Amino acid sequence: MRSIRILFRLLRLGWVILSGMAALRWFLVRASNSVSARIAWMQWMSRRFLSLLHCRVEVTGEVPVSGLIAANHLGYVDILVLGSVCPAVFVAKGDVDDWPAFGWLARNAGTIFVSRDNPAEVPVQLRRMEEPLRQGHPVILFPEGTSSSGSSVLPFRSSLLESAVRTGATITPASLSYDLHGEGSPGLEVSYWGDHVLVSHLLNLLSKPFFTARLSFGMTRPPEADRKREAAKLHAEVSSLHAA
């Protein structure tokens, strides 16, 4: 049964990708600008991927329509969950661009790829983030800088939070968690971190009957004037949501 489920979902995955490639052109022609088109396409594709994974999303709080959204990071499923609920531009690590399937999705969705370990690139990355924020598009950032099992929220890096400080964009904290309903450990089988290998991790996830993603949004507010104070305050807010 497990192997049949994986095979069937792999066939569906191929169809989702092929049809998504064809649909992207339609989205680009239909929308008034490329950013809006790619955001709308990303939302449509995220919902299709989640349907393939049999993932149900439960949302608490008000979904923001603009500004910077900062969430804890558990793995690649986070992008699908947030993308399905909140049409936005994503900020992701540069190595995501090389991932099978998810790299293609992120690249065509207009994701801003960043290098967390090269301070010299921060000014360029901030300018790229500031552009959609000034245009009124939500931007989703994972300030931890890496993914984890979800047992706690890792310390936040403050450098890219400067984009909200400089633009005056609002900030909304968000928290993600998962439930496999007794079919395994979310921290090991949904979260993607440490020494996990993408292909084997995804195949295992495809074998699960279904799972639930819980997404909680906090209160939207203006940013702190100092990015380090903002990082500390935001970390406390996301940690509180995550512990609830």
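The values are calculated or read from the model by the stated rules, or taken from the named source; none is laboratory data. Quick caveat: nothing in here was measured; it's all calculated off a predicted structure. For neighbour counting, all protein chains shown are included, and Cβ atoms are generated from backbone atoms with ideal geometry for every residue, glycine included. Calculation scope for accessible area: heavy atoms of the full protein, side chains included, ligands and nucleic acids excluded. Shrake-Rupley method; radii C 1.70, N 1.55, O 1.52, S 1.80 Å.
What is the number of the single condition among (1) in contact with a helix residue (DSSP H, G or I) (Cβ under 9 Å, 6 or more places away or on another chain); (2) buried (at least 17 other Cβ atoms within 10 Å of the Cβ) that D78 does not meet?
It is condition (1) that D78 fails.
Restricting to segment 99-129, and then to whatever is open to solvent by 20 Å² or more (accessible area, probe 1.4 Å), at pLDDT 90 or above and not in a helix (DSSP H, G or I), can you tell me which residue is farthest from M42 (Cα to Cα)?
Within segment 99-129, the match that is farthest from M42 (Cα to Cα) is F113.
If I filter segment 21-54 down to residues being within 20 Å of the chain's Cα centre (by Cα) and β-branched (V, I, T), which single residue comes out as nearest to Y178 (Cα to Cα)?
Looking at the filtered set, the residue picked out is I39.
L180 is checked against (1) of a type outside the set (V, I, T); (2) under 17 Å from the mean Cα position of the chain (by Cα); (3) farther than 26 Å from V114 by Cα and fails just one. What number does that condition carry?
Just one mismatch for L180, condition (2).
Mind telling me which of the residues G61, G94 ends up being of a type in the set (G, A, S), under 27 Å from R227 (Cα atoms), without any contact (Cβ under 8 Å) to a residue 24 or more places away in the chain and surrounded by fewer than 20 Cβ atoms within 10 Å (Cβ to Cβ)? Even if it seems obvious, please write down each step before you answer.
Numbers: G61 fails: without any contact (Cβ under 8 Å) to a residue 24 or more places away in the chain.
Being of a type in the set (G, A, S), under 27 Å from R227 (Cα atoms), without any contact (Cβ under 8 Å) to a residue 24 or more places away in the chain and surrounded by fewer than 20 Cβ atoms within 10 Å (Cβ to Cβ) holds for just one of G61, G94, which is G94.
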